[in-house]
1. Quickly run through the stretch 142-171 and pick out the residues that are small (Gly, Ala, Ser), farther than 26 Å from residue 65 by Cα and open to solvent by less than 80 Å² (accessible area, probe 1.4 Å).
2. Tally up the residues in the stretch 128-141 that are out of contact with any strand residue (DSSP E or B) (no Cβ under 6 Å at 6 or more places or on another chain), open to solvent by less than 70 Å² (accessible area, probe 1.4 Å) and either without any contact (Cβ under 8 Å) to a residue 60 or more places away in the chain or more than 25 Å from residue 106 (Cα to Cα) (or both), please.
3. Test residue 83 against the criterion of being farther than 28 Å from residue 24 by Cβ and either open to solvent by 70 Å² or more (accessible area, probe 1.4 Å) or out of contact with any His (no Cβ under 7 Å at 6 or more places or on another chain) (or both), and give yes or no.
4. In the stretch 158-179, what residues are touching a residue at least 60 places away in the same chain (Cβ under 8 Å) and not in a helix (DSSP H, G or I)?
5. I need a count of the residues in the stretch 86-107 that are open to solvent by 10 Å² or more (accessible area, probe 1.4 Å), under 22 Å from residue 56 (Cβ atoms) and aliphatic (A, V, I, L, M).
Amino acid sequence: PEIRAMIVTGAGEKSFCAGADLVALSRGELLGPTDKERAAWGFAGIVSHPISKPIIAAVNGFAFGGGCEIALSSDLVVAADHAQFGLPEVKVGLFAAAGGAFRIVRQLPHKVAMEHLLTGEPFDAPTALKYGLANRVVPLADLLPTAMALAEKIASNAPLSVQASKRIALGIINGAVPN
């Protein structure tokens, strides 16, 4: 109950998350958790199991594949000015299976989303801001302070109201979004 908002970020400044280990996937290795309960939460523990607490992605570099899917599944995105986003799965015979394929067309203009989804070409932080994927684009030094300021602004509000607002906005019922 004491957690009011979460910030997800990568270590360092090069990569937020570059996605799955494609070599391991090509060998047929299972990359996710093996127990059923944890596996139900999906990639990164958030893409398949919506929660009521606000999630802010502080994107500090490449957000490709699964990294882009984490950003797409977050409620807010603060991006460093050098960040890049993309779903390159089609370039290696895969598809954005952790929700990227349907989230990108909901969050970007349809034709723009389809171009990036079908070509696998990335886009930069200013483009993410232009199309509404990012809420803010800031210099790297300001990334976490900006994300923290947003989290603090959210946390200053009534927590049950914030959670109810998120559930209603996303259609979350009993921890799931019905299809």
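1. Hits for the stretch 142-171 are 149, 155, 158, 161, 164, 165.
2. Summing the residues that are out of contact with any strand residue (DSSP E or B) (no Cβ under 6 Å at 6 or more places or on another chain), open to solvent by less than 70 Å² (accessible area, probe 1.4 Å) and either without any contact (Cβ under 8 Å) to a residue 60 or more places away in the chain or more than 25 Å from residue 106 (Cα to Cα) (or both) in the stretch 128-141 gives 3.
3. Numbers: farther than 28 Å from residue 24 by Cβ: no; either open to solvent by 70 Å² or more (accessible area, probe 1.4 Å) or out of contact with any His (no Cβ under 7 Å at 6 or more places or on another chain) (or both): yes.
The answer is no for residue 83.
4. Hits for the stretch 158-179 are 172, 175, 176, 177.
5. First pass over the stretch 86-107, keeping only residues open to solvent by 10 Å² or more (accessible area, probe 1.4 Å): 88-95, 97-98, 101-103, 105-107.
Then drop every residue that is not under 22 Å from residue 56 (Cβ atoms), which leaves 98, 102-103, 106-107.
Applying the additional criterion that residues be aliphatic (A, V, I, L, M) yields 98.
The number of residues fulfilling the criteria is 1.
The values are calculated or read from the model by the stated rules, or taken from the named source; none is laboratory data. Owing to the predicted nature of the structure, the values given are computational and were not obtained by experimental measurement. Here the Cβ is made from the backbone with ideal geometry for all residues, glycine too, and neighbour counts use every protein chain on show. Remember, those area values only see protein heavy atoms, side chains included, never the ligands or the DNA or RNA. Shrake-Rupley method; radii C 1.70, N 1.55, O 1.52, S 1.80 Å.
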